1. Consider all pairwise Cα distances in the range 1-51 and report the whole-number % of them above 16 Å.
2. Can you tell me the length gained on complete extension of the stretch residue 49 to residue 11, counting 0.36 nm per residue apart and subtracting the Cα distance?
3. Lys pairs in the chain, Cα-Cα under 17 Å, at least 8 apart or on separate chains: how many?
4. Report the gain in length on full extension from residue 57 to residue 38: 0.36 nm times residue separation, minus Cα-Cα distance, nm rounded to one decimal.
5. Cα axis of helix 2-59 to longest principal axis of the chain: angle in degrees, 0 to 90, nearest 10?
6. What dipole magnitude, in Debye to the nearest 20, does the range 1-45 give about its Cα centre under +1 on Lys/Arg Cβ and -1 on Asp/Glu Cβ?
7. Report the dimensions of the range 22-68 along its three principal axes from the alpha-carbon atoms, largest first, rounded to Å.
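None of the figures in this text is laboratory data; all of them are computed from the coordinates on show. All of these numbers come straight from a predicted model, not from anything done at the bench. Heads up, the Cβs are rebuilt from the backbone with ideal geometry, glycines too, and the neighbour counts pull from every protein chain shown.
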Amino acid sequence: MRERIAATAKALAKARAELAATRKRQALLVKMAEKKETAITSFVKQWSKKEMAKIDKAMKPKKSRTRR
């Protein structure tokens with residue numbers, strides 16, 4: 001009977017350790033996803049700003065050169 005209790009306790013301890021590791025991994029994955037979202041947002045803002053500058057530059061009338 002003691003052997004069964006010891007084996008069950010050992011299995012329970014192992015399951016608790018796996019659960020703790022899984023929770024920690026999940027928390028880190030959530031944190032990574034948040035950082036990824038922030039990085040993507042930042043990149044899109046910078047890229048959009050550059051592209052709009054290119055469009056604005058292309059829309060400006062070209063200056064004519066005068067010969068001397």
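1. Details: 820 of 1275 pairs.
Of all Cα-Cα distances in the range 1-51, 64 percent exceed 16 Å.
2. Details: separation 38, 0.36 × 38 = 13.68 nm, distance 5.69 nm.
Gain in length upon complete extension: 8.0 nm.
3. The number of close lysine pairs in the chain is 10.
4. Details: separation 19, 0.36 × 19 = 6.84 nm, distance 2.89 nm.
The span from residue 57 to residue 38 would gain 4.0 nm if fully extended.
5. It works out to around 0 degrees.
6. Working: 12 positive and 4 negative charges, 28 e Å.
Roughly 140 debye for the range 1-45.
7. 76, 16, 7 Å, listed from the longest principal axis down.
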